[in-house]
Amino acid sequence: MKLREALKLDSSGIAKLKDELRAKVDNSLLNAFISLDEAGDGVPIAIKDNIQVKGWSVTAGSKILQGYISPYNATVIDKLKGAGLCAFGRTNMDEFAMGSTTESSYYGKTLNPHDNSCVPGGSSGGSAAAVASGEAIAALGSDTGGSIRQPAAYCGIVGMKPTYGRVSRYGLGAYASSLDQIGPMTQDVEDAALLYDIISGYDQNDSTSADVEYESVVDKLDGNRVLNIGITPSHLENAAPQIQKAYKKAVKALKDAGHNIVECTLLDPKYDISAYYITATAEATTNLARYDGVRYGRRAESDTLEQLYINSRSEGFGDEVKRRILLGNFVLSSGYYDAYYIKAQKVRRVIKDEYAKLFEKVDLILSPVAPTTAPKFGALSDPLQMYLSDIYTIGVNLAGLPAISLPVNKDEDTLPIGLQLIAAPYDEQTLFDGALSLERALETL
Amino acid sequence: MFETVIGLEVHTQLNTQTKLFCSCATSFDQRANLNTCPVCLALPGALPRFNRSVLHKAVSFGTAVDATINRVSHFDRKSYFYPDSPSAYQITQLYTPIVEHGRLEIEPKDADSKIIRINRAHIEADAGKNIHDDSRSKVDLNRAGTPLLEIVSEPDMRSTEEVTLYLKKLHSIVRYLDISDANMQEGSFRVDVNVSIRPKGDDKLYTRVEIKNINSFKFITKAIEIEVERQIDAWEDGVYDEVIVQETRLFDQAAQVTRSMRGKEDSADYRYFLEPDLLKVVVDDEMYESAIEIPELPDAKRARFIDELGLSPYDASVLTSDLYMANYFESMVEDGAGAKMSCVWLSVELQGRLDSSLEESLVDAPKLALLVKRIEDKTISAKAAKEVLDHLCSSKIGVDEAIDKLGLKQISDSSAIEAIVNDVLSANQDKVEQYRAGKDKLFGFFVGQVMKASKGSANPQSVNEILKREL
Amino acid sequence: MRVDDELLSRLEKLSMLKIDESERTECIEQLDKIVSFVQNLSSLDTDGVDEVFAMNQSATALRLDEPRSSSDIADDILKNAPLSEDSFFIVPKIIE
């Protein structure tokens, strides 16, 4: 059942739907959900475990938040309520959203529904797996460096990251403040547009929220617009053959649908990776400093105050989180701040300006999401290797652009492949229009 | 031989209704952690929202000290772990403060007036409170997030006198602007002192030592004296470089020494960087125009009291040292009471009778003004007025009511006094002749007799005049 | 720029973390690899580029100074806190 169909259900229909979902989750081995918590009536939406829901034990996939019960709702949760939806289940994720495979969750790994020996992607792996397997009709995820789009691609669903500031971050456990965004993860493009409409909008509680007039995307959704679409052949060199093949297929589909294809070049993504990991870890190290066992969450055995901090944090955080905390403090510490952190901010500006220039010529950019299909468990065990797998998604976050990942090989008997469309800031309308067009074009291919 | 070089950092708590980055009330409750929310508890997902009143007050302060107002400034994160700092970073302004390059003029007693430069004033959040028990500490975050304005001077001061004058001036300005309660004992006006010494004539800056959190002017002076002595001793003993290090020390009032703060030497790396949860701080035209409209400041008021109201510099200083008193005085004058008399009756007579604050006194400005007018219109004598004032201080009674009640109405009517004088003179004819023959001393006797006969209520001036005439 | 044990110790202090003895070598290696990689930014010319990057160029919104009070959230947090008493959060004695 699609989200837009579920919105037409009456209360008994909704109750029946919830029963079905509960049964599916109970019988599932995927571990997409950490816990199937409930929060009111309304059409059920699965929620990534880093979004505050009042009364839920929101752990961000971490041991350190055990015992914490959220006393308030994130703004997006209130918006869901206002539209007749409700939070239904906490989905699994990489600890504190740091990761690309959901393997770093303290609550076990999540399996890819298409091939249980493969990862679902990360960090919103649980949400992706839930929607892909029918355990949720739609879900919310968060995207800081690709964490919605990449798992959506690996699991064969639609995942969208809004322009930075379109969706309130109030109530989203912060990883990297200037990069995080909550976004929809759905079965198709139209559902994503619908859910995006519901959760987006200026929020006073978030000072980084964009104070722009609210506009519904769904109302004007038009898959027939003719658009200028930029392609990036040089980037493709880093992708596996199946990805390249899928990309070419999508380009053909877009051409056939009447769009203009324009060749573009982007900055070498190795710079994106560096600017991202410097910025994100710097912000993260300070955002995670509050997890200290003093006021909430898990406190370790300790005799002195210093021990309380060190033990609670060392025992409570996983390896990847610790690594990023250390790295973040490195790039901010005196002596390194200028060469690393400040340099990264300048590079970010360069990257953003570069995209802005491109969008003078094109309406959308078509790009791969990941260099391969979903890897096997344990394949990306080397951190740097894992970071490098983010090459296609990361620049989008650095520049704050809206982007959407959609599956391009739905009918094939292989692991899913997703490609993303990227739009100019605040141009979600064009993004969804183009995505709808591509989705339809691929269906008719 | 040696010169003392002093700079001051003053943290003043702004008197807004709500905290700097959330809508929690700033009033402190008996119950710990009552005024808290996701932001000041640093829960996951909480985000800061900047209080507009704080910006307004900061701009007003900048105006009052002739500083540059940075129309665009930013917030920064300053990282360190401590239980009273729930997010383990303080939001402050390091790189771009709201106010810069200001100045304050002070008037030392036996020297020319001097300008003390203010390097910057910036906005930052206060921490909570830790209360220590035997084996544990208790954390209360009610105060966490309260807005502070940190005012940093250049190391322009050279003596404890200059320090005291600067602080008193700063304190007065902040109170006049009504941006802070500025109460040192309560912690809304905290002073950190930076002290170094150098040989007289040397213009280099040597090692500076910070002394933190001294909560009275008296202790500040003492702490500086002790620390300077310590530094001079080290210099003279040839161990300056080993003993005097850049560090933070606490003033131990009981032992009369300054003490090194344990663990602070691991020079904290605060890793300042731009606060990503907030956008740039902009003072728009509307806010700017409003905030630069500041009330008359102490110096200007003092000058006006001297020039327009004819008060002495000393009296003017006394009255303007406190805004409430200054306003009280002015309203008395507006009511028609003479300036000089009002000054005396307010700053000496009433002030001397207060057992709490002037604000809390039963004698308000209209009342005291009326009392002064009753002296000026000769209804009562100054001596009688003192008695009336005593009464007014302890009971809710009107001035005229009190005068009647105490029967202190002065007899000023000349014919009435003449009558008494004549009675006294006729009863003392022998003395009258003695006086007329040259015994001038007897004048006092006649005055006394007249006063006795009138039960003290005769207007002494009139008595003198009439007696002189009759004798 | 190499990451070594001394640097790791300093970072641990700043992070309030302690990496297990058995994992230190690996941790240092991984951090070193990552730091070496991100140094690639130094080859980009960024002369004249603004140091301050803001996604949103608007001014930060100013909130009205009006108290909103409710102790619900505080009560909930205190109730579930690792150690609280009389509405205080309790920690081991802080030595000043």
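Can you name the condition, by its number, that B:D430 falls short on among (1) modelled with pLDDT under 85; (2) open to solvent by 60 Å² or more (accessible area, probe 1.4 Å); (3) not basic (K, R)? Against the list (1) modelled with pLDDT under 85; (2) open to solvent by 60 Å² or more (accessible area, probe 1.4 Å); (3) not basic (K, R), B:D430 comes up short only on (1). For the stretch B:26-49, does any single residue satisfy the condition of being away from chain C (no Cβ under 12 Å) and among the hydrophobic types (A, V, I, L, M, F, W, C)? Yes, some residue in the stretch B:26-49 is away from chain C (no Cβ under 12 Å) and among the hydrophobic types (A, V, I, L, M, F, W, C).
Please go through the stretch A:250-305 and give me each residue that is facing another protein chain (nearest Cβ under 8 Å) and open to solvent by 40 Å² or more (accessible area, probe 1.4 Å), ordered by number. Scanning the stretch A:250-305 gives A:K270, A:R298, A:R299, A:D303, A:T304. Is it the case that the stretch A:319-329 has a residue that's in contact with a helix residue (DSSP H, G or I) (Cβ under 7 Å, 6 or more places away or on another chain), within 9 Å of another protein chain (Cβ to nearest Cβ), assigned to a helix (DSSP H, G or I) and at pLDDT below 95? For the stretch A:319-329, residues in contact with a helix residue (DSSP H, G or I) (Cβ under 7 Å, 6 or more places away or on another chain), within 9 Å of another protein chain (Cβ to nearest Cβ), assigned to a helix (DSSP H, G or I) and at pLDDT below 95: absent.
Here is a yes/no grid of residues against (1) modelled with pLDDT of 95 or more; (2) aliphatic (A, V, I, L, M); (3) touching a Phe, Trp or Tyr at 6+ places or on another chain (Cβ under 7 Å):
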{"residue": "C:L17", "(1), (2), (3)": "yes, yes, no"}
{"residue": "C:L62", "(1), (2), (3)": "yes, yes, yes"}
{"residue": "C:S69", "(1), (2), (3)": "no, no, no"}
{"residue": "C:D72", "(1), (2), (3)": "no, no, no"}
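Just so you know, in the stretch B:127-141 the residues that are among the aliphatic types (A, V, I, L, M) and more than 7 Å from chain C (Cβ to nearest Cβ) include one that is surrounded by the fewest Cβ atoms within 10 Å (Cβ to Cβ), and it is B:I131. Looking across the stretch B:11-60, just one residue is open to solvent by 10 Å² or more (accessible area, probe 1.4 Å), more than 28 Å from B:I211 (Cα to Cα) and among the aromatic types (F, W, Y), and that is B:F21. From the list B:N215, B:N194, pick out the single residue that is assigned by TED's automatic domain parsing to the domain that holds B:D126, under 26 Å from the mean Cα position of the chain (by Cα), at pLDDT 95 or above and buried (at least 16 other Cβ atoms within 10 Å of the Cβ). Step by step, each of B:N215, B:N194 is checked, and only B:N194 is assigned by TED's automatic domain parsing to the domain that holds B:D126, under 26 Å from the mean Cα position of the chain (by Cα), at pLDDT 95 or above and buried (at least 16 other Cβ atoms within 10 Å of the Cβ). For the stretch A:397-404, the criterion of being of a type outside the set (K, R), at pLDDT 95 or above, surrounded by fewer than 24 Cβ atoms within 10 Å (Cβ to Cβ) and more than 27 Å from A:F330 (Cβ to Cβ) is met by no residue. The condition of being free of Cβ contacts under 8 Å to residues at least 40 places away in the same chain, more than 17 Å from B:K383 (Cα to Cα), open to solvent by 60 Å² or more (accessible area, probe 1.4 Å) and among the aliphatic types (A, V, I, L, M) does not hold for B:A419.
When the stretch A:226-240 is filtered for residues that are open to solvent by 40 Å² or more (accessible area, probe 1.4 Å) and modelled with pLDDT under 95, the ones remaining, listed by number, are A:P233, A:S234, A:E237, A:N238.
Would you say B:I118 is touching a Lys or Arg at 6+ places or on another chain (Cβ under 8 Å), over 18 Å from B:I224 (Cβ atoms) and surrounded by 16 or more Cβ atoms within 10 Å (Cβ to Cβ)? Yes: the conditions hold for B:I118. Residues in the stretch C:13-26 that are at the interface with chain A (Cβ under 7 Å from one of its Cβ atoms) and in a helix (DSSP H, G or I): C:L14, C:S15.
Among all residues of the stretch B:92-100, there is at least one that is within 14 Å of chain A (Cβ to nearest Cβ), at pLDDT 95 or above and open to solvent by less than 20 Å² (accessible area, probe 1.4 Å). Just checking, does the stretch B:140-160 include any residue being part of a strand (DSSP E or B), farther than 27 Å from B:A326 by Cα and of a type in the set (A, V, I, L, M, F, W, C)? Yes; the residues of the stretch B:140-160 include at least one that is part of a strand (DSSP E or B), farther than 27 Å from B:A326 by Cα and of a type in the set (A, V, I, L, M, F, W, C). If you go through the stretch A:140-154 one residue at a time, do you hit one that is over 16 Å from the mean Cα position of the chain (by Cα) and either part of a strand (DSSP E or B) or within 14 Å of chain C (Cβ to nearest Cβ) (or both)? Among the residues of the stretch A:140-154, not one is over 16 Å from the mean Cα position of the chain (by Cα) and either part of a strand (DSSP E or B) or within 14 Å of chain C (Cβ to nearest Cβ) (or both), which makes the answer no. Checked against (1) more than 7 Å from chain B (Cβ to nearest Cβ); (2) within 29 Å of A:D292 (Cα to Cα); (3) assigned to a helix (DSSP H, G or I); (4) open to solvent by less than 60 Å² (accessible area, probe 1.4 Å), C:P82 meets all criteria but (3).
For A:D338, the stated conditions do not hold, so it cannot be described as open to solvent by 40 Å² or more (accessible area, probe 1.4 Å), more than 20 Å from A:E95 (Cα to Cα), within 12 Å of chain B (Cβ to nearest Cβ) and in contact with a strand residue (DSSP E or B) (Cβ under 7 Å, 6 or more places away or on another chain).
I need the full set of residues from the stretch B:362-376 which are assigned to a helix (DSSP H, G or I) and either free of Cβ contacts under 8 Å to residues at least 40 places away in the same chain or not β-branched (V, I, T) (or both), in order please. Once the filter is applied, which keeps residues that are assigned to a helix (DSSP H, G or I) and either free of Cβ contacts under 8 Å to residues at least 40 places away in the same chain or not β-branched (V, I, T) (or both), the stretch B:362-376 yields B:A365, B:P366, B:K367, B:L368, B:A369, B:L370, B:L371, B:K373, B:R374, B:I375, B:E376.
Please go through the stretch A:106-134 and pick out each residue that is part of a loop (DSSP other than H, G, I, E, B) and open to solvent by 10 Å² or more (accessible area, probe 1.4 Å). Answer for the stretch A:106-134, where residues must be part of a loop (DSSP other than H, G, I, E, B) and open to solvent by 10 Å² or more (accessible area, probe 1.4 Å): A:Y106, A:Y107, A:G108, A:K109, A:L111, A:P113, A:H114, A:N116, A:S117, A:S133, A:G134. Taking the stretch A:306-318 as the range and being open to solvent by 10 Å² or more (accessible area, probe 1.4 Å) and either within 17 Å of B:E275 (Cβ to Cβ) or within 11 Å of chain B (Cβ to nearest Cβ) (or both) as the test, the residues that pass are A:E306, A:I310.
For the condition closer than 27 Å to A:V189 by Cβ, assigned to a loop (DSSP other than H, G, I, E, B) and open to solvent by less than 10 Å² (accessible area, probe 1.4 Å), A:V53 qualifies. Out of the residues in the stretch A:148-184 meeting the condition of being in contact with a Gly (Cβ under 6 Å, 6 or more places away or on another chain) and open to solvent by 10 Å² or more (accessible area, probe 1.4 Å), tell me which one is nearest to A:V408 (Cα to Cα). Here the answer is A:Y164.
Please specify each residue of the stretch C:60-74 satisfying the condition of being acidic (D, E) and within 7 Å of chain B (Cβ to nearest Cβ). Once the filter is applied, which keeps residues that are acidic (D, E) and within 7 Å of chain B (Cβ to nearest Cβ), the stretch C:60-74 yields C:D65, C:E66.
Okay, residues lined up against (1) more than 14 Å from chain C (Cβ to nearest Cβ); (2) open to solvent by 70 Å² or more (accessible area, probe 1.4 Å); (3) farther than 30 Å from A:N287 by Cα:
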site	(1), (2), (3)
B:Q246	yes, yes, yes
B:E275	no, no, no
B:V283	no, no, no
B:I292	yes, no, yes
B:P295	yes, no, yes
B:D315	yes, no, yes
B:S321	yes, yes, yes
B:F329	yes, no, yes
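Selection of the stretch A:405-428 for residues being of a type outside the set (D, E) and open to solvent by 40 Å² or more (accessible area, probe 1.4 Å) yields A:K410, A:T414, A:P425, A:Y426. Looking at A:L36, A:L30, A:L65, just one residue is outside any helix (DSSP H, G or I) and within 14 Å of another protein chain (Cβ to nearest Cβ), and that residue is A:L65.
The values are calculated or read from the model by the stated rules, or taken from the named source; none is laboratory data. Bear in mind the structure is a predicted one, so any value in this text is a computation, not a measurement. Positions of Cβ are generated from backbone atoms using ideal geometry, with glycine treated the same way; all protein chains shown enter the neighbour counts. Calculation scope for accessible area: heavy atoms of the full protein, side chains included, ligands and nucleic acids excluded. Shrake-Rupley method; radii C 1.70, N 1.55, O 1.52, S 1.80 Å.
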